[in-house]
Amino acid sequence: MYNTRMFRLAFLLMLAATAHAAIVPVDIDTAAQLYQAAAIREQVRASLGSMPGHIRKLFQGNTSTPLSDKQLDAVNVAAIRAFRIDVFEAPALSAFAANLDADTVRKSEAFLASEAGKRWVAADLALASLSDEETDKIMNGDITTPLTAQRNVLFEKLERAERSSESTVQILLTMGRAVALGTAVGSGMDPGPVEERARKSGEASRQTLEDGMREGMRHYMAYGYRELSDADLKRVLSFLQSSPGKQYISAYLASLGAGFYAMGRRCGEQLGESLREMAMAQLSNEGADHEPPAPVEPLKRQ
């Protein structure tokens, strides 16, 4: 009995060691090579120009605590200063490396170096470079590309495999939470209640947002991948459905989440400081002796 127990214990320890070894994170330099092959920097950089407008819309939609034109200008300035590739990249690379292992890197790099992989990356970069107006028209179905029944099925599978709707919603919610939290911190207020409200609001609306976005994301992918053949799409799907492909997507989404959170937090902190300075200046001018108003939170997405 003793020997049997010892054998089982040794076997379990061996399995645990094997499992642990399979997910050992890679170093930053290794992750950076895959990051470059996937053109993540170029894709994110292409999307940053529209971010100040998106952040301004979040605050303009907050009818419960409307901001003045001067305050909205401060929103714009904070967003321009925060949504930069140098703010994004360090946390994004760290998260990317933490969610990759050597086998995933090796097999992902091999796929991205293939002709289908290169065309996939080029298509994603072209999509990221579209204007907001073009993107809206594509997702609404105003700009379309001819589709066969087979390609329709492929795009349904690709949208799920890439976790496109999930990742888009996650970034929006993460960014909104980070901006709200940063605004509270920059204003000198307790960030705890703000973060909790933003978290609960996000969790309550997440599934509805994802479900409502799937059809639009399929339109978006169908348009963006229109130059990829059916054979190319099948190769991309085969990679994404493999174990390395699934891990690559998880690492990619973790990278985007960390980078956009950092930019959102920076934006909120700078905005909070600006709003606090405005409030203090107004109190000084009025000669009032009371505390500055609570920070304004962006509109929660419903």
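The numbers here are math on the coordinates, done by the rules we state, and not lab data. Computed from a predicted structure; not experimentally measured. Ideal geometry is used to build each Cβ from the backbone, glycine not excepted, and the neighbour counts take in all protein chains shown.
For segment 28-286, what number results from the quotient of the Cα radius of gyration and 2.2 N^0.38 Å?
1.09
Say R0 is 22 Å: what FRET efficiency, to the nearest 0.05, do ALA149 and GLU227 get from their beta-carbon distance?
The computed FRET efficiency comes out at 0.65.
Order by neighbour count: SER238, SER167, fewest other Cβ atoms within 10 Å first, most last.
SER238, SER167
For ASP101, ASP190, which order do you get if you count the other beta carbons within 10 Å of each Cβ and list the fewest first?
ASP190, ASP101
So for each of 269-275, 29-35 I average, over its residues, the number of other beta carbons within 10 Å; can you give me the resulting order with the highest mean first?
Those peptides, ordered most packed to least, come out 269-275, 29-35.
Rounded, prolate or oblate: pick one for segment 203-263, where a ≥ b ≥ c are the square roots of the eigenvalues of its C-alpha gyration tensor, a/c under 1.5 means rounded, and failing that, prolate if a/b is larger than b/c, else oblate. Intermediate results must be reported in sequence, preceding the final value.
Working: a/c = 1.99, a/b = 1.31, b/c = 1.52.
Cα axes put segment 203-263 in the oblate bin.
Determine the shape class of segment 46-186: with a ≥ b ≥ c the square roots of the Cα gyration tensor eigenvalues, call it rounded for a/c under 1.5, and otherwise prolate if a/b is greater than b/c, oblate otherwise.
Because a/c hits 1.5 or more and a/b fails to exceed b/c, segment 46-186 counts as oblate.
Past 20 Å, Cα to Cα: identify those pairs from LYS137/LYS157; LYS118/LYS246; LYS70/LYS137; LYS157/LYS234; LYS137/LYS234, in the order given.
Table pairs above 20 Å Cα-Cα are LYS137/LYS157; LYS70/LYS137; LYS137/LYS234.
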